[in-house]
Amino acid sequence: MNKILTIQEAIKISKDLHKTKKQIVLTGGCFDLLHIGHLTFLEKAKRRGDILLVLLESDENITKAKGLDRPINTQSDRAKILSALEIVDYIIKLKSFQKNEDYDDLIIRLRPAIIATTKGDANRLHKERQAKLIKGRVIDVTIPIKNKSTTKLISLLKDF
């Protein structure tokens with residue numbers, strides 16, 4: 001089974017899952033250098049439903065958000081790494097979305113029951129607004145793990 005989907009494939013699979021009453025948990029992010037914080041988050045998100053869908057940000061959007069030296073791994077490589085995890089059911093490779101409305105449209109079409117976040121997520125209000133659009137819920141599934149981030153790993157590696 002191919003876990004790495006286009007947006008159109010994900011929408012079709014989502015419709016099929018809704019017919020079987022499967023509860024979809026949706027999350028998203030960069031997942032650039034996979035670390036224990038990512039794994040903990042994904043494990044806890046998966047426990048909230050039947051199917052875990054991961055929206056994987058484009059290389060372009062990561063560069064805009066995190067700087068010219070990011071991402072370390074391409075979107076294709078990040079998707080392949082995530083697909084090796086049993087807890088991840090599907091990965092959706094996002095295009096370079098420019099507006100909140102692009103994300104909103106996708107959320108409306110996927111209709112997850114739950115949008116999983118980390119406590120303190122900077123996009124929490126945006127995700128809550130999206131959840132209202134689909135009568136879903138936003139749930140903090142974990143708290144950030146101190147000193148466990150891709151940025152921290154990159155900083156440590158630069159010191160070597």
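FYI, it's all coordinate maths here, none of it is from the lab. Bear in mind that the values here come from a model prediction, so they are computed numbers and not experimental data. All Cβ positions, even for glycine, are placed from backbone atoms using ideal geometry, and neighbour counts span all protein chains on display.
Annotations
- Relative to the 2.2 N^0.38 Å rule of thumb, segment 17-103 has a C-alpha radius of gyration ratio of 1.12.
- Value of [θ]222 nm, deg cm²/dmol, for the chain, DSSP H segments ≥ 4, -39500 (n - 2.57) each, nearest 500: -13500 deg cm²/dmol
- Karplus-derived 3J(HN,Hα) values for segment 2-7, using 6.51 cos²θ - 1.76 cosθ + 1.60 with θ = phi - 60°, are 7, 8, 8, 10, 7, 4 Hz; glycine and proline are entered as x.
- Packing-based order for 120-127, 35-42, using average beta carbon neighbours within 10 Å, highest first: 35-42, 120-127
- When the C-alpha to C-alpha distance is required to be over 32 Å, the pairs from LYS22/LYS66; LYS19/LYS64; LYS44/LYS93; LYS44/LYS66 that qualify are LYS22/LYS66; LYS19/LYS64.
- Relative contact order, whole percent, for segment 1-125 stands at 37, derived from Cα pairs under 8 Å and 6 or more residues apart.
- Charge sum, other residues only, whose C-beta stays under 14 Å from ILE87's C-beta, Lys/Arg counted +1 and Asp/Glu -1: +1
- ³J(HN,Hα) computed for each position of segment 48-56 - Karplus, 6.51 cos²θ - 1.76 cosθ + 1.60, integer Hz, glycine/proline x: 7, x, 8, 10, 9, 9, 10, 7, 9
- 5 angstrom amide H check on LEU55, placed H, neighbours 5+ away: THR27, GLY28, GLY29, ILE92
- Helix 36-46 and the longest principal axis of the Cα set of the chain meet at an angle near 10°.
- For segment 77-84, putting each phi into the Karplus relation 6.51 cos²θ - 1.76 cosθ + 1.60 with θ = phi - 60° gives couplings of 5, 4, 5, 5, 4, 4, 5, 6 Hz, in residue order, rounded to whole numbers and with x for Gly and Pro.
- Cα gyration tensor of the chain - equivalent ellipsoid semi-axes, whole Å, descending: 25, 17, 16
- Rounded D (µm²/s) - segment 101-142, Kirkwood Rh over Cα pairs, Stokes-Einstein at 37 °C, 0.692 mPa s: 322
- Residue-span extension gain [ASP77 to ILE108] - 0.36 nm each, minus C-alpha spacing: 8.4 nm
- For the chain, size of Cβ-based charge dipole, Lys and Arg +1, Asp and Glu -1, in debye: 560
- Per residue, the Cα convex hull of segment 55-126 amounts to 117 Å³.
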